[in-house]
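Q: Dropping a structure here in structure tokens format, bear with me for questions.
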Amino acid sequence: MDQANGHPADGAYGLRLSGIDPASLTTALAQGALNLARRPQELAREAVTLVADEADVALDAARTALGPNGAPLADDDARFADRAWHENPFLRLTLGTYLAGARSARRLLDRAELPPETHRKARFLLDLWLDAAAPTNVPWLNPTV
């Protein structure tokens, strides 16, 4: 409560209207992480997949350095529409690494044995974090900036 006028604080009011409890999102993602921590074989399997994906990304960037490369890595994502993301080897490597890591994080969460509602909340928060970590949010990396 805002003591000056007797109204709820603006942030609390907005959260009540949206029906979202930020703590429940964090708790849901933490439950997924704990679930996976109890199953190290899933983590190891994903680590191997991620290493293979990152090796593919490095080879792709090397091919780009030698000449024009194939298809765009994220042609369905407007954030990476600038052709520099696909033609510049360094930016292509950055983009490929980000996409591989994001896919890996999503696969791990999908393997966590969570109730559907908890999984939905955890996926929402994970997607928010992954979007925030996108290389397009780094001004000195974003060719559009």
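The values are calculated or read from the model by the stated rules, or taken from the named source; none is laboratory data. Note that this is a predicted model, so its numbers are computed, not measured. All Cβ positions, even for glycine, are placed from backbone atoms using ideal geometry, and neighbour counts span all protein chains on display. Areas reflect the complete protein model, heavy atoms only, side chains present, ligands, DNA and RNA absent. Shrake-Rupley method; radii C 1.70, N 1.55, O 1.52, S 1.80 Å.
Q: Taking only protein heavy atoms into account and a 1.4 Å probe, give the accessible area per residue of segment 79-139 in Å². Walk me through the intermediate numbers first.
A: Details: 3180 Å² over 61 residues.
The answer is 52 Å² per residue.
Q: Distance in nm between label sites at R45 and R106, each 7 Å beyond Cα in the beta-carbon direction?
A: Reported label-point gap for R45 and R106 is 1.9 nm.
Q: Once the piece of chain linking A37 and A52 is laid out straight, how much longer is it, given 0.36 nm per residue of separation minus the C-alpha distance between them?
A: Working: separation 15, 0.36 × 15 = 5.40 nm, distance 2.18 nm.
Contour length minus the Cα-Cα distance gives 3.2 nm.
Q: What trypsin sites (Lys or Arg not before Pro) in segment 49-145 are in a loop by DSSP, with at most 16 other Cβ atoms within 10 Å of the Cβ? Please report the intermediate quantities before stating the final value.
A: Details: sites: R63, R79, R83, R92, R103, R106, R107, R111, R120, K121, R123; in loops: R83.
Those satisfying the criteria are R83.
Q: Full-extension gain between A78 and A132, please, as 0.36 nm times their residue separation minus the C-alpha to C-alpha distance.
A: Numbers: separation 54, 0.36 × 54 = 19.44 nm, distance 1.50 nm.
Value of the extension gain: 17.9 nm.
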